[in-house]
Every structure is written in C-alpha cells, then in structure tokens.
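Worksheet: the structure to be examined is printed underneath.
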Amino acid sequence: MPDSAAQPQDSNSPLYHGRWHPLILATGLGFSVLLLASFFLEPTRSLWLALDNRVFLVLNQSLAWSPWYRGLIAIATSPLVDVVGGLCMLGLYLHFVLRREHHVSLELTAIGLLMLLLLVVAVQLAKAIPYHRLSGTLVFTDALRLNELVTWIHSKDSSRDTFPGDHGTVLLVFAGMVSIYLPRAYVRAAWIIAAIFVAPRLVSGAHWFSDVAVGSVAIACLVLTVTFATPLHLFLVDRIQRQLLHIIPRRWLPHRA
C-alpha cells in the first residue's frame with residue numbers, strides 16, 4: 001500500500017488503493033472495445049467519418065480568420081511545442097512533489113517513473129493498431145495548408161498515419177493518472193494542458209476528430225483500466241522502488257514505502 005506521502009490530499013478514488021475492481025475493469029475494457037468497434041464497423045463507422053469530415057472542414061476554414069490566429073496555431077503545432085508539452089507535464093508533477101515535502105520520496109519517484117512507463121506503453125499500443133489513415137489535409141485537395149500560410153515556422157499540418165492520435169493518447173493517459181494520484185487542482189490543470197496541446201493539431205488538419213475521440217480515448221482507457229482497476233499499479237510501483245534502491249543512495253530518498 002502506498003504511504004501517505006503519495007496519497008492525493010482530496011481524492012477518494014477507489015482505484016488508488018490497488019484492489020481488484022471487476023465492474024470497473026469490465027466497464028473500462030468494454031468501453032474501449034465498443035468505441036473502437038464503432039469506428040471500424042457499420043453503421044457507426046459512416047457516422048464517425050461524416051463527423052470527421054464536418055469537423056475538419058470547419059476547423060480548416062478557421063485558418064482563414066487572421067494572420068495572428070494562423071501564427072498561433074503554427075507555433076502550437078511546431079515540433080518544439082511537443083517538448084514544451086512534455087515539460088508542462090513534468091513540471092505539474094514536480095510542483096506537486098516539491099510542494100508537499102522538501103525532498104523527493106522513493107515512492108513519488110517510482111510513481112513518476114510509472115507515469116513515464118505507461119506513456120511509452122500507450123504509444124506502442126497506438127502504433128500496434130494496423131490501420132493507416134491520411135490526414136484531412138492530404139484527402140481534401142482544396143484544404144488550407146498551414147505550412148503554406150505560415151512560412152516562418154515549420155508546423156505539423158499533415159500525416160500519413162493519423163489513427164490513433166499518439167499525441168492525444170499520451171496527454172489523455174497523463175491526465176488520467178493525475179486524476180487518480182493528485183489533488184483536484186492538479187487534475188484541472190492536467191486536463192487543461194491536454195486540451196491546449198491536443199486542439200491545435202485538429203485545427204491544423206494533422207489529425208481527424210476521431211483520431212482523438214475514438215483512438216486516443218480507447219487506448220488511454222484501456223491502459224488506465226488495466227493498470228488501476230487491478231493491483232498492477234501497486235505491483236509496478238513496488239518493483240520500481242526496489243530497483244531504485246539499488247541505484248539511488250538511500251540518504252537522497254529517506255522515505256520508503
């Protein structure tokens with residue numbers, strides 16, 4: 001069982017306590033499967049594709065609004081912003097850790113590494129889905145291309161493999177973990193970060209709406225459900241802590257779970 005140093009101050013989530021939750025497990029897995037099935041099988045597939053086209057055309061036309069708006073979206077979809085997004089996630093967790101105590105506990109370090117591990121697993125699962133889809137900017141020949149409208153910075157306005165959105169998957173898994181481990185103020189901040197860094201790629205046309213609403217949500221739900229509706233996360237945190245004890249001097253991490 002995790003020690004009090006890592007427990008959320010104002011969260012009573014039963015998922016935190018590392019027990020089996022069959023109903024939550026079945027619901028989460030069922031939701032992920034049904035959501036993916038709704039995208040690949042008719043009649044709902046046609047509905048998703050129609051919604052994708054509609055959302056893409058509306059957002060793509062918004063690029064004609066003004067130069068400052070196009071510049072903002074171009075900056076938000078540049079490769080550098082991916083690094084900024086990662087730093088925002090890291091910074092949010094470090095703020096929680098350092099605000100609670102003057103040193104980083106062994107368990108909080110292990111939880112941070114578990115977050116990183118689950119992000120990597122989620123991305124690999126997303127890449128394992130054998131489905132390739134061109135972005136809207138490559139499908140619609142008359143689509144506005146951000147890189148043609150804003151030439152002073154390189155932005156991501158197209159992709160030859162959009163589904164599921166790995167960028168969105170990472171952000172949703174991170175926000176989901178924050179929702180379980182951290183207090184409510186951090187949860188709100190995590191979901192704001194996720195929205196800020198997901199939305200611009202939809203506007204630029206690099207991703208379809210369903211890449212996130214179906215692909216990213218399904219993968220994130222699958223990873224979080226399997227990890228937290230079972231004792232798996234406590235097992236992983238414990239294993240990571242044991243490995244850290246062989247690497248990091250104990251005087252640096254005096255609190256042990």
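FYI, it's all coordinate maths here, none of it is from the lab. As the structure is a computational prediction, the values presented were derived from the model and not from experiment. Cβ: placed from backbone, ideal geometry, glycine included. Neighbour counts: every protein chain shown.
Which one, 76, 200, 20, projects farthest toward the positive side of the charge dipole computed for the chain from Cβ point charges (K/R +1, D/E -1)? Most positive-ward Cα: 20. Here region 50-124 and region 21-45 have alpha carbon centers that stand 25 Å from each other. Summary value for the chain: 37 percent relative contact order, contacts being C-alpha pairs under 8 angstrom separated by 6+ residues. Whats the longest run of the chain with zero chymotrypsin sites (Phe, Trp or Tyr not before Pro) that are DSSP loop and have at most 15 other Cβ atoms within 10 Å? The segment 153-251 is the longest one with no such site.
All other residues whose Cβ lies under 13 angstrom from that of residue 202 are scored, Lys and Arg at +1 and Asp and Glu at -1, for a net of 0.
From its DSSP helices (H runs of at least four residues, each -39,500 (n - 2.57)), the chain gives a residue-normalised ellipticity at 222 nm of -20500 deg cm²/dmol. At q = 0.17 Å⁻¹, what base-10 log of I(q)/I(0) does the Debye formula yield for region 48-207 when every alpha carbon is treated as an equal point scatterer in vacuo? Results for region 48-207 at q = 0.17 Å⁻¹ read -1.02. To the nearest 20 Debye, how big is the dipole of region 34-187 about its Cα centre, given +1 on the beta carbon of each Lys and Arg and -1 on that of each Asp and Glu? Computed about the Cα centre, the dipole is about 140 debye. The charge dipole of the chain, taken about its Cα centre with unit charges on the Cβ atoms of Lys, Arg (+1), Asp and Glu (-1) only, comes to about 480 debye. Which one of 137, 108, 123 has its Cα pushed farthest toward the positive end of the charge dipole of region 108-197, where Lys and Arg give +1 and Asp and Glu give -1 at the Cβ? Looking along the dipole axis, the top candidate is 108.
Membrane-span-like helices of the chain, defined as complete DSSP H segments with a Cα extent of 24 Å or more along the helix axis and a mean Kyte hydropathy of at least 0.5, are identified as 22-40, 79-100, 106-128, 184-204.
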